[in-house]
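Written out below as structure tokens is the structure these notes cover.
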Amino acid sequence: MSKSTNAQKSGWIVWWINNVILVFGGLFIVLFLSNNGKPTPIHPTNAMLFIFFLFALVLAIALQVAAYFMIKFLHRDLSYIYPAVLVAFGFFCGAYLYFIPGLWGIMYNNHAKLNK
């Protein structure tokens, strides 16, 4: 579709909100683990925290990339798959704002199928 629907616009808004939260969360974590610039040896607890946060960051970036494509193809062939994946992201990944474009996309696609 060349024309963006309101469901997709809400999806882009949610996607950008999640990106901003991800960036500020990453900055907060870096500042939390920086030890205020003091040259101290790496403590094993800090190293494990760093590895955990790095792993969480990679997962969050993968989620955002997948969400980008789900929003981009939200109404492709009036399929329920793309909005359902957004709902699953909201339910399983904790990105609750993805419920908005996901459910809206399901309703939009259902309405369009019924009017065909």
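The values are calculated or read from the model by the stated rules, or taken from the named source; none is laboratory data. Note that the structure is a prediction, hence the values are computed from the model and not measured. Backbone-built Cβ (ideal geometry, glycine too); neighbour counts: all protein chains shown. With ligands, DNA and RNA removed, areas are computed over all heavy atoms of the protein, side chains included. Shrake-Rupley method; radii C 1.70, N 1.55, O 1.52, S 1.80 Å.
Odds and ends about this structure:
- Helical content alone sets the calculated 222 nm signal of the chain at -26000 deg cm²/dmol, taking -39,500 (n - 2.57) per DSSP H segment of four or more residues and averaging over every residue.
- Fully extending the segment from Ile13 to Leu27, taken as 0.36 nm per residue of separation minus the present Cα-Cα distance, adds 2.9 nm.
- Only Cα pairs under 8 Å and 6+ residues apart enter the sum, and on that basis the relative contact order of the chain stands at 32 percent.
- Label-to-label distance, Ala66 versus Asn115, with points set 7 angstrom from Cα along the beta-carbon direction: 3.1 nm.
- Just the protein heavy atoms count here, and of the accessible area of the chain at 1.4 Å, carbon and sulfur take up 75 percent.
- Calculated accessible area for the chain comes out at 70 Å² per residue, all protein chains present (probe 1.4 Å; ligands, DNA, RNA ignored).
- Read-out Cα Rg over 2.2 N^0.38 Å, derived from the coordinates shown; its label in (i) 1.76; (ii) 1.01; (iii) 1.38: (iii)
- About the Cα centre, charge dipole magnitude for the chain (Lys/Arg +1, Asp/Glu -1 at Cβ), debye: 320
- Axis of helix 81-92 versus longest Cα principal axis of the chain: the two differ by about 40°, to the nearest ten degrees.
- Dipole of the chain, positive end: most advanced residue of Ala56, Gly105, Trp16 [Cβ charges, Cα centre]: Gly105
- Spatially close Lys pairs in the chain, defined by Cα atoms under 20 Å apart and a spacing of eight or more places or different chains, total 5.
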